[in-house]
Amino acid sequence: MPSRVAIFAYGLASYAIFLATFLYAVGFIGDFGVPKAMDSAREVPLAPALLIDLALLGLFAVQHSLMARPAFKRWWTKVVPEPAERSTYVLFSSLALIALFWFWQPLGGMVWQVESPTGRALLYGAFATGWLLVLVATFLINHFDLFGLRQVWLHLIGRPYTALNFVTPAPYRVVRHPLYVGWLLVFWSTPDMSVTHLLFAMMTTAYILIAIQLEERDLIAAHPEYAEYRRRVPMLVPSLRLARVKATRTQGA
């Protein structure tokens, strides 16, 4: 069993790798400021490039979903120390993304291109808003627990880990998955939608819709009250009916 200090250092290193990967992803998806972006020059023929990209997206999807399942965690913690389980998940997710960045093959071709300065500004604004929403959503549900830092810190100071309570801070009362709403804004908000970007956006959107089903099944098992929450609150798109009801209540008050 590694020492508490070693596990804490491992958690910090895993988080640092995640943070660097997260920052690179901004430039990779947005096509700016990085050595290799999503729409860099094509290097291989179309068919092999498409197969490579699908394989990379599939690798990330399988890793990200499989390692998040409770059954896998129960088996995995026989191999890795339990306080380091979440940090290991974060590390493997980062490595899967790094592989995607490194081996990604642009396909070429353009689906749409917004020429209007106003339109471009609005889409870049939505892109930035998506990243901000992703970041804010993680802090609202405890950023440090989500990325394994809380677990290794509690282990370092000799305190037992306690699972987080089910809470619904502000945006979680409007939609159940504001984190995923942020990602969808990031993936689709571009004034220059290439074939490569469209493939990426479509595949990641499909993954999100599947991941939500798996995640909510686990949440209901862990928090029975989630079933009622799921019945009341929309998944990704805010309900106009709920908005009207809240507005009416506010006016009546």
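Bear in mind these aren't lab numbers, they're just calculated from the coordinates by the rules spelled out. Because the structure is predicted, anything quoted here is derived from the model rather than measured. Positions of Cβ are backbone-derived with ideal geometry, glycine not excepted, and every protein chain shown enters the neighbour counts.
One table, with the values for the structure above:
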{"quantity": "Anisotropy class of the range 1-69 from Cα gyration tensor, a/c 1.5 cut", "calculated": "oblate"}
{"quantity": "Gyration tensor verdict on the chain (Cα atoms; rounded if a/c is under 1.5, prolate if a/b is larger than b/c, oblate otherwise)", "calculated": "oblate"}
{"quantity": "Contact order normalised by residue count of the range 4-252, Cα under 8 Å, 6+ apart, percent", "calculated": "26"}
{"quantity": "Amide H partners (placed H, <5 Å) of Val111, local residues excluded", "calculated": "Met193, Ser194, Val195"}
{"quantity": "HN-Hα J in Hz across the range 59-74 - Karplus 6.51, -1.76, 1.60, θ = phi - 60°, x for Gly and Pro", "calculated": "4, 5, 4, 5, 4, 5, 7, 4, 6, 8, 6, x, 4, 5, 4, 4"}
{"quantity": "Val44 paired with Gln213, simple spin-label distance in nm, labels 7 Å along Cα-to-beta-carbon", "calculated": "3.0"}
{"quantity": "222 nm mean residue ellipticity, helices alone, for the chain (DSSP H n ≥ 4; -39,500 (n - 2.57); rounded to 500)", "calculated": "-22000 deg cm²/dmol"}
{"quantity": "Per-peptide average of other Cβ atoms within 10 Å, ordering 181-191, 71-81 highest first", "calculated": "181-191, 71-81"}
